[in-house]
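Notes follow once the structure below has been shown.
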Amino acid sequence: MIYKYILLATILIGSLFLILSACDAMETKPPNILDPMAYLAQSKNPDGNTATPLTSRDPLTYRRTDIGGHQIEDSFLTSRSAAITTWSYPPFGPFVKENGDGGEEYVLENTTVRISSTQHGGYPIGYFVGKGCGGTGWLVFKTDATTEWKDVVAKLGISFNPLECKANSKAYTRYKVANVDYPKIGPVDSIVSEHYDRGGMVESEALERFFLGRGWGRLVWQAFASNREPSPDIATRCPDFGWNTPPTPTLKLVDCRVVTNIIPADGSLTGAQVWHP
């Protein structure tokens, strides 16, 4: 009889070991996106080389304009866990708030990339808050991204005070990895992120979609809405590269920035001169 109990104990211990090993394997499983910062900055040269990301200290030897030449964007790292995408309007020089110049800051926190702040149209810097009081802030994507949509309901608020704590708005958010064939530069491994203005897709009246290209940073911004008309020049400004179809029947594409036209620059500017929060 004692041998029976010894055998049973051995089986139970072995089973427990297998369960603990499986749990440990799940906890140590590497993320699908091994280098999320590679999607947030352009390379020093216009070749998409993620081994040489542009930083705020580097001279800008090339810049990216949108289709139509209305706006210039630059994407660069400011630290190992923060990056900036700027937008500049004529005369396309150093940051001038009155010209409408601005940008947005991305931060990496553990497995999540979020937008921490933004500025545009001559307004002061706005901060997407809520991270410290039960919310998420403006979530862009997580390192578990695959070719299938992953979704989460973000909780956030916007404030001119970065220390204000509020998360009273819900934003259905989804993200995925895709190989996107962009105008001018061709196919690029990308993260596509969608930010809706409600807690679900169907009830949302607005959507902002971001395309973050590996080795390029933010290449495209699209705006969809059900309660406003498209920009008059949308046909030329927003060429269809396979992503212009609205995700829900009530939404329509109303605006965009397709910033994939590469132009040379003389290196007299750095990212630090263009925009910083």
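The values are calculated or read from the model by the stated rules, or taken from the named source; none is laboratory data. In this text the structure is predicted, and so the values were computed from the model without any measurement. Positions of Cβ are generated from backbone atoms using ideal geometry, with glycine treated the same way; all protein chains shown enter the neighbour counts.
Yes/no matrix, rows are residues, columns are (1) closer than 16 Å to Q42 by Cα; (2) crowded, with 17+ Cβ neighbours inside 10 Å; (3) assigned by TED's automatic domain parsing to the domain that holds G132; (4) of a type in the set (A, V, I, L, M, F, W, C):
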{"residue": "Y175", "(1), (2), (3), (4)": "no, yes, yes, no"}
{"residue": "P187", "(1), (2), (3), (4)": "yes, no, yes, no"}
{"residue": "H195", "(1), (2), (3), (4)": "no, yes, yes, no"}
{"residue": "E208", "(1), (2), (3), (4)": "no, yes, yes, no"}
{"residue": "S231", "(1), (2), (3), (4)": "no, no, yes, no"}
{"residue": "I234", "(1), (2), (3), (4)": "no, no, yes, yes"}
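Of the residues making up the stretch 195-228, those that are over 14 Å from C256 (Cα atoms) and among the small types (G, A, S) are G199, G200, S204, G213, G215, G217, S226. Among the residues making up the stretch 130-145, those that are under 14 Å from S193 (Cα atoms) and of a type in the set (V, I, T) are V140, T143.
Every condition in (1) closer than 28 Å to T112 by Cβ; (2) in contact with a Pro (Cβ under 9 Å, 6 or more places away or on another chain) is met by A272 except one, and the failing one is (2). For the stretch 200-214, the set of residues classified as part of a loop (DSSP other than H, G, I, E, B), under 19 Å from the mean Cα position of the chain (by Cα) and either closer than 15 Å to V152 by Cα or acidic (D, E) (or both) consists of M201 only. Of all positions in the stretch 195-218, none carries a residue that is within 24 Å of F241 (Cβ to Cβ) and β-branched (V, I, T).
Restricting D66, D101, D74 to those that are crowded, with 16+ Cβ neighbours inside 10 Å and more than 19 Å from the chain's Cα centre (by Cα) reduces the list to D101.
For the stretch 189-237, filtered to residues that are polar (S, T, N, Q) and closer than 28 Å to G48 by Cα, the residue that is modelled with the lowest pLDDT is T236. Does D144 fit the bill of being acidic (D, E) and either crowded, with 19+ Cβ neighbours inside 10 Å or touching a residue at least 60 places away in the same chain (Cβ under 8 Å) (or both)? Here the answer is yes, as D144 does meet what is asked.
The one condition from (1) out of contact with any Lys or Arg (no Cβ under 6 Å at 6 or more places or on another chain); (2) over 13 Å from V258 (Cβ atoms) that V192 does not meet is (1).
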